[in-house]
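Student: Please see the structure below; I have some questions.
The values are calculated or read from the model by the stated rules, or taken from the named source; none is laboratory data. Given the structure is predicted, the values throughout are model-derived calculations rather than measurements. Cβ placement follows ideal geometry from the backbone for every residue including glycine, while neighbour counts extend to all protein chains displayed.
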Amino acid sequence: MVALSLAVALAAGCGDNLTVEVETVAAQRLREAVLSIGGTSADDVWAVGADKGEGPLVLHYDGTRWNELETGEHAHLWWVHAFAGGPVFLSGAKSTILRYQGGQFERMATPGLSRHIVFGLWGAAPTDVYAVGSVGPANGFAWHYDGTAWGVVELPSDLPVDEFGNTPGLFKVWGDGAGTVWMVGARGLALRSRAGAAFERVDLGTSATLFTVAGDPERTYIVGFGAEGSVLFELEGDGAPRQVAPTGVGFLQGVAAGPDGQAIATGQRGVVLERGAEGWRVSDLDDTPTLQSFHAGWIDPSGGVWAVGGDVLDTSLARGAIVHRGKASVARFRQPPLPPPASVECPADAVDPAPDGASVARRWNEQILNAIRRDIPRPPVHARNLYHLAAAMWDAWAAYHPSADGVFVTEKLTATDVDAARAEAISYAAYRILSHRYADPIAVGFAVSQHCFADQMQALGYDPADTVAVGATARALGNRVGAAVIAAGLGDGANEAENYADTTGWTPVNTPLVVDAGGTELAMPSVWQQLNLAEAETQNGIPIDAGPQGYIGAHWRAVTPFAMVRPAPGALYHDLEPAPVFGPALVPFVADMIDRSSRLDPMLADTIDISPGAIGNSPLGTDDGTGHPTNPVTGQAYAANVVKLADFSRVLAEFWADGPKSETPPGHWDTLANQVADNPLTTRRLFGAGAPVDPLEWDVKVYLALNGATHDAAIAAWELKRATLGGRPISWVRYMATLGQSSDPQLPSYHPDGLPLQPGLIELITEASSARGERHAHLRRYVGQVAAVSWRGEPGNRALEVGGVGWVRAAEWMPYQRRNFVTPAFPGFVSGHSTFSRSAAEVLAGITGTPFFPGGLGRHAFPATSYLVFERGPSQAFELQWGTYFDAADQAGQSRLWGGIHITPDDLVGRRVGSLVGQRALTRARAFFDGTAR
């Protein structure tokens, strides 16, 4: 057992100086790694650790039993510090500092953002507490709590920097309680403050990463690891540091001091060092091969030794353990099993989610939209699925029409009750396709989706298990149609059989941008750069593996389209103009990204009239419109709709990101089309002429044209992305900031490809501008680098806080996105949103016979403070409004600029491509309707 090995080895190594009484493995193989342990006595012990999705591990031992506490937060907790009589402070990821007192956890307001990880915390008193951390591995920070609020601690201006201008991270803080406070971190950084004076660097003669500092009134101990191996420094007063680590020891991560000169250090492979009369001795825990490291240790006031850790040397942060040796045994913690997994049954409101009286086609459209919302948002994949479902439903409908042409199946049948036959054929075709496309392993949420598809069949009175495909019955026809579409899809170039994996052999030319570190390098500045995320989610919140992004849809140019035809063999479908390249012409677009970001603070007074009478009505490929003079339906002018610019821009960025319910842009336009169909002012006159058609005919024709267009839009846009590999704003802003400023060769940090200086927006950090009380004071350690006024980033508490706008180091610029998403995993030129949306708008304008929404006004309302996901907001309730489908499509494209993930050419050229795609898709669909497609 772990504790037995610890006790026996320490007893053998330390002789008569140590009396071993009781050894205990208090916990092992926990789901979460245990990252810190501390307390005030042997019967007031706190252990904290990782968050594996159920909230962070927090354990309290009262001398009799362990109690697991719920914090109500979600973040890894890296450190704990308890005061006698309370409170207890806990710190961790997402700028988290919790205070526990009176049986309650309180999340404290801090100066940090979501990207700030608070690795260490120590206090001399509950009103005198220090916290340290970093953004990823670099750019350390320090805060101090004075009993009223957390404030930023000024760090020395002479901190070392790397090639990107990043300063070292800070990992732990400790003080002796008599006025001396230490902080340690990366690249051998050690800082010390005495008697409340400013922190100063202490040269330890090492470049090792220093993980932890602790001590007693006589000595300070610092541990870490570097090129020279493990380091363990002892310092006495002002004496020189002594490196006392035994040879052959791996990572040392934890160090703790106790009464009477007792001290321990802990680290890799469960190593424990104890300081005895003859120095430091090693104890290896040979029977714990799965324990990567003891991350931390603690010695309680009675001399009890505690060590905690687990798999802490990689991102798993699992297999936690707590080991104790002391004068009395401690209870073992038995971790309860996880709650049973969420039900995979279809939620009651998702069995048949379409409104009363909806057509059978609408019912299956709602089913695929819900399946998309459960799945990873891969827009090209879902556009293809929407199109294939629409084509299948159309083919089943057209089989009972004397002249209409089918897309995949052209057979004709008769039936006594055509309406019933169509409903049955459509349902079997839809069920076969959806149960094939949203299945394991190619779809997230497949289990629930499969239940919903089967439940929908049963709600309609059909047997989902009936696979008969021979004969003239409607269900046989539906099964044949489904099989035909599935077979065609297996050979259409999407590589569905391999979960849509790339077939082109694409390899990156730029090293990934580490999002949580500042700066970047680009071997080819015009070319897209992957992101390396410390934690990752898809845009609709599904957790995925951290690390470098993949490339979604690299091969999508090879997918069979609905209506597009290449102008010549091997030519691009729509080659309208070259992609932006790095150089002088790109500079204004990059500066525009920063300018837009500077306007995202709801505290700003700037307002905008977003009424259709004030904005929109722009010529294709421009933003030159000044609105519509009147509503053509009412004949009246549109009422003003004045809102804060920051509310409008933030809502725009989030609303159009993947749709109001994360159905991706193609699905979002199906949602809008359904809302149009539900509007009582919609006459269902195809192309604005003739007699109204029934809901089913309207739906199958709209879905075929609309989803044929967005499917082709995906192919056209992703072909251009693959052909040009256009970059993204985050890479360009950070790269140019890393190079410097391009405005004045006589000023510091000049580089012809740097950012342009613009007073009040993009400035050089100087000694004067960073003096105490000046605008760049918080950036003083980055003198000579470039700063920009921008959105500061995702706040630690998104429900209650706003990131806000301020001066940030431009090399750390972030788009208005979640920290674990940042930018989509594919190149920038052209914008998929712009292409999808304009193609859809062309179809809706054509098939309804008017570009205007029913009643001349489309709208979507947003409640105050609770709609936004990236941060709290909007500050006031309001609604987006559009006169035409084109106005809405233009806003979808603009939203990507406000979101910081596209530059203007990506948007405007994407709109033009989408227009061509939509018009051709509508023409092609009409040929199928008329029976002239073949």
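Student: Quickly run through the range 131-155 and pick out the residues that are surrounded by fewer than 24 Cβ atoms within 10 Å (Cβ to Cβ), at pLDDT 95 or above and either closer than 13 Å to residue 99 by Cα or not charged (D, E, K, R) (or both).
Tutor: 141, 142, 144, 145, 147, 148, 149, 150, 151, 152, 153, 155
Student: Still on this model: It is to be established whether one or more residues within the range 829-836 are in contact (Cβ under 8 Å) with a residue 24 or more places away in the chain, crowded, with 24+ Cβ neighbours inside 10 Å, more than 30 Å from residue 586 (Cβ to Cβ) and among the β-branched types (Val, Ile, Thr).
Tutor: no
Student: Which of the following residues is modelled with pLDDT of 95 or more, crowded, with 24+ Cβ neighbours inside 10 Å, hydrophobic (A, V, I, L, M, F, W, C) and touching a Pro at 6+ places or on another chain (Cβ under 7 Å): 399, 383?
Tutor: Unique residue meeting the criteria: 383.
Student: Do you know which residues across the range 875-890 are crowded, with 23+ Cβ neighbours inside 10 Å, outside any strand (DSSP E or B) and not acidic (Asp, Glu)?
Tutor: The answer is 883, 885, 886, 888, 889.
Student: Enumerate the pairs (first residue in the range 764-786 and under 23 Å from residue 138 (Cβ atoms); second residue anywhere and surrounded by 15 or more Cβ atoms within 10 Å (Cβ to Cβ) and acidic (Asp, Glu)) with beta-carbon separation below 7 Å, excluding pairs fewer than 6 apart on the same chain, so at least 6 apart or on different chains.
Tutor: Every condition considered, the pairs that remain are 769/763.
Student: Next up: Which of the residues belonging to the range 217-235 are at pLDDT below 95, part of a loop (DSSP other than H, G, I, E, B) and within 24 Å of residue 262 (Cβ to Cβ)?
Tutor: Scanning the range 217-235 gives 217, 218.
Student: Just checking, how many residues over the range 231-280 are in contact with a helix residue (DSSP H, G or I) (Cβ under 8 Å, 6 or more places away or on another chain) and under 23 Å from residue 217 (Cβ atoms)?
Tutor: 4
Student: Tell me yes or no: at least one residue of the range 608-628 is modelled with pLDDT under 95, part of a loop (DSSP other than H, G, I, E, B), of a type outside the set (A, V, I, L, M, F, W, C) and in contact with an Asp or Glu (Cβ under 9 Å, 6 or more places away or on another chain).
Tutor: Checked the range 608-628: no residue is modelled with pLDDT under 95, part of a loop (DSSP other than H, G, I, E, B), of a type outside the set (A, V, I, L, M, F, W, C) and in contact with an Asp or Glu (Cβ under 9 Å, 6 or more places away or on another chain).
Student: Then there is this: Would you check if there is a residue in the range 514-525 being aliphatic (A, V, I, L, M), surrounded by fewer than 17 Cβ atoms within 10 Å (Cβ to Cβ) and farther than 30 Å from residue 733 by Cα?
Tutor: no
Student: Looking at (1) buried (at least 24 other Cβ atoms within 10 Å of the Cβ); (2) touching a Leu at 6+ places or on another chain (Cβ under 8 Å); (3) closer than 24 Å to residue 585 by Cβ, which one does residue 910 not meet, given that it meets all the others?
Tutor: (2)
Student: Looking only at the range 891-934, count how many residues are out of contact with any helix residue (DSSP H, G or I) (no Cβ under 7 Å at 6 or more places or on another chain), polar (S, T, N, Q) and not in a loop (DSSP other than H, G, I, E, B).
Tutor: Total satisfying the criteria: 1.
Student: Would you check if there is a residue in the range 681-688 being among the aliphatic types (A, V, I, L, M), in contact with a Gly (Cβ under 6 Å, 6 or more places away or on another chain) and surrounded by fewer than 23 Cβ atoms within 10 Å (Cβ to Cβ)?
Tutor: In the first step, residues of the range 681-688 are kept if they are among the aliphatic types (A, V, I, L, M); the result is 681, 686.
In the following step, the residues that additionally are in contact with a Gly (Cβ under 6 Å, 6 or more places away or on another chain) were identified as 681.
Adding the requirement that they be surrounded by fewer than 23 Cβ atoms within 10 Å (Cβ to Cβ) leaves 681.
Yes, that holds for at least one residue.
Student: While we're here: Looking at this structure, is residue 70 among the acidic types (Asp, Glu), out of contact with any strand residue (DSSP E or B) (no Cβ under 6 Å at 6 or more places or on another chain) and either assigned to a strand (DSSP E or B) or within 25 Å of residue 795 (Cα to Cα) (or both)?
Tutor: Yes.
Student: Right, residue 85: in a loop (DSSP other than H, G, I, E, B) and farther than 27 Å from residue 771 by Cβ or not?
Tutor: Taking the combined requirement at face value, the residue satisfies it.
Student: Could I ask something else about it? Looking only at the range 476-513, which residues are of a type in the set (A, V, I, L, M, F, W, C), in contact (Cβ under 8 Å) with a residue 60 or more places away in the chain, farther than 30 Å from residue 113 by Cβ and buried (at least 16 other Cβ atoms within 10 Å of the Cβ)?
Tutor: 477, 481, 484, 485, 494
Student: Out of (1) in contact (Cβ under 8 Å) with a residue 40 or more places away in the chain; (2) of a type in the set (Ser, Thr, Tyr); (3) touching a Lys or Arg at 6+ places or on another chain (Cβ under 6 Å), the odd one out for residue 551 is which?
Tutor: For residue 551, the exception is condition (3).
Student: Can you tell me which of (1) buried (at least 24 other Cβ atoms within 10 Å of the Cβ); (2) free of Cβ contacts under 8 Å to residues at least 40 places away in the same chain; (3) more than 27 Å from the chain's Cα centre (by Cα) is the one residue 739 doesn't meet?
Tutor: (1)
Student: I would also like to ask the following. Is there a residue in the range 199-207 that is crowded, with 22+ Cβ neighbours inside 10 Å, assigned to a strand (DSSP E or B) and in contact with a strand residue (DSSP E or B) (Cβ under 9 Å, 6 or more places away or on another chain)?
Tutor: no
Student: Something else about it: When residue 861 is evaluated against the numbered criteria (1) surrounded by fewer than 24 Cβ atoms within 10 Å (Cβ to Cβ); (2) of a type outside the set (Lys, Arg); (3) touching a residue at least 24 places away in the same chain (Cβ under 8 Å), which criterion, by number, is the only one it fails?
Tutor: Checking residue 861 against (1) surrounded by fewer than 24 Cβ atoms within 10 Å (Cβ to Cβ); (2) of a type outside the set (Lys, Arg); (3) touching a residue at least 24 places away in the same chain (Cβ under 8 Å), the one that fails is (3).
Student: Count, please, the residues in the range 438-456 that happen to be surrounded by fewer than 21 Cβ atoms within 10 Å (Cβ to Cβ) and either over 32 Å from the mean Cα position of the chain (by Cα) or outside any loop (DSSP other than H, G, I, E, B) (or both).
Tutor: Initial filter on the range 438-456 (surrounded by fewer than 21 Cβ atoms within 10 Å (Cβ to Cβ)): 439-442, 444-448, 450-451, 454-455.
Add one more test, that the residue is either over 32 Å from the mean Cα position of the chain (by Cα) or outside any loop (DSSP other than H, G, I, E, B) (or both), and what stays is 446-448, 450-451, 454-455.
Number satisfying all stated conditions: 7.
Student: Continuing with the same structure: Can you spot a residue in the range 165-176 that is part of a loop (DSSP other than H, G, I, E, B) and among the aliphatic types (A, V, I, L, M)?
Tutor: No, the conditions are met nowhere in the range 165-176.
Student: Which of the residues that make up the range 864-873 are farther than 21 Å from residue 112 by Cα and surrounded by 16 or more Cβ atoms within 10 Å (Cβ to Cβ)?
Tutor: 867
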